[in-house]
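*Asks:* Quick one: the structure is below, questions incoming.
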């Protein structure tokens, strides 16, 4: 068991509240060291400062690993259009919103009701950035309604991942609306798409199938986290789909504790 895994087990036994947020901030400062400019509880809010000058505030503590590792080499100019698919409680969305500025656009997709409640509160405490559009839907290969394993900030998925199979008691099954990335690009009339971050706990294969027209048209750089569904990694299927869309630079990495693919032309 790694030190981080041990820390997570201890953390999960602490009751929600200010003490747990302060403990988490201390742990993350020690864990990420100089890769993180700051992490503390300020004014009752869990506050993360990245080395590139972005400040993200949250009513709930979160692991800032994505902010110090996943986006380090992602070049986003002011005015860029990005998608955060699997927005969770909004930390990555808020970071990306700061990078693209008021003239940009961040489309965040998050279907879990518990996460959405925190996400909306986090938008408020960060000044309700106008460049963020929060869409309370999942992404798949079709439009409609699908069964969803809701687990809140732990994990949630349209698929029965190894996390869900390991402890079904942490989840409840609900019905959620889903759409496709291609349908969203048409609905919004997108003329550009500069970056896509996708972390949807095993549903990435279906979501990419529903994104092929848009990815082939715009070829945005992507970070796609892969997962284990029914005992099998989605990494190979994700790579095949991206290659079919014209991507040639595919790099497998471990990001935020799960294998991920970085894709570019």
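Every number in this text was worked out from the coordinates using simple rules, so none of it is lab data. What you see is a predicted model, and the numbers here were worked out from it, not measured in a lab. Heads up, the Cβs are rebuilt from the backbone with ideal geometry, glycines too, and the neighbour counts pull from every protein chain shown.
*Asks:* Direction-averaged shadow area of the convex hull around the Cα atoms of the stretch 1-140, nm²?
*Replies:* Details: hull surface 35.6 nm².
With every direction weighted equally, the projected area is 8.9 nm².
*Asks:* Kindly identify the stretch 123-166 as rounded, prolate or oblate by the Cα gyration tensor criterion: order the square roots of the eigenvalues as a ≥ b ≥ c, call it rounded if a/c is under 1.5, otherwise compare a/b with b/c, prolate if a/b is larger, else oblate. Could you put the intermediate results ahead of the total?
*Replies:* Values: a/c = 3.82, a/b = 1.62, b/c = 2.36.
Oblate, because a/c is 1.5 or more while a/b does not exceed b/c.
*Asks:* Ranking 172, 227 by Cβ neighbours within 10 Å, fewest first, what do you get? Don't jump to the answer; show the numbers that get you there.
*Replies:* Working: 172 11, 227 25.
Fewest-to-most ranking of 172, 227: 172, 227.
*Asks:* Right, here's the next one. Quick check: Cα centre of the stretch 186-241 to Cα centre of the stretch 27-48, how many Å?
*Replies:* So the separation of the two Cα centres works out to 31 Å.
*Asks:* In whole angstrom, note down how far apart the Cα centers of the stretch 108-142 and the stretch 52-68 are.
*Replies:* 16
*Asks:* What percent does the relative contact order of the chain come to when contacts are Cα pairs within less than 8 Å and at least six residues apart? Before the final figure, lay out the partial values.
*Replies:* Details: 521 pairs, mean separation 35.5, N = 265.
Relative contact order comes out at 13 percent.
*Asks:* Now, a different point. Which value in nm describes the separation of the simple spin-label points at residue 59 and residue 253, placed 7 Å from the Cα toward the beta carbon?
*Replies:* 3.2
*Asks:* In the chain, what percentage of the DSSP-assigned beta bridges are antiparallel, given to the nearest 5? Could you put the intermediate results ahead of the total?
*Replies:* Details: 32 of 50 bridges.
That works out to approximately 65 percent antiparallel.
*Asks:* Ranking 167, 112, 70 by Cβ neighbours within 10 Å, fewest first, what do you get? Can you show the working numbers first?
*Replies:* Details: 167 10, 112 28, 70 20.
Ranking 167, 112, 70 by Cβ neighbours within 10 Å, fewest first, gives 167, 70, 112.
*Asks:* When a/c is below 1.5 the answer is rounded, else prolate if a/b is larger than b/c, else oblate, so apply that to the stretch 222-265 with a ≥ b ≥ c taken from the square roots of the Cα gyration tensor eigenvalues. Don't skip to the end; give the middle numbers.
*Replies:* Values: a/c = 3.08, a/b = 1.39, b/c = 2.21.
Since a/c reaches 1.5 but b/c is at least a/b, the shape of the stretch 222-265 is classed as oblate.
*Asks:* So, one more: What number, rounded to the nearest 500 deg cm²/dmol, is the helix-based mean residue ellipticity at 222 nm of the chain, given -39500 (n - 2.57) per DSSP H run of at least four residues and division by all its residues?
*Replies:* -9000 deg cm²/dmol
*Asks:* Let me make sure I get this right: for the stretch 153-265, a, b and c are the square roots of the gyration tensor eigenvalues over alpha carbons, sorted descending. Under 1.5 in a/c it's rounded, otherwise prolate if a/b > b/c, else oblate. Which is it?
*Replies:* Values: a/c = 2.30, a/b = 1.41, b/c = 1.62.
It comes out oblate by the Cα gyration axes.
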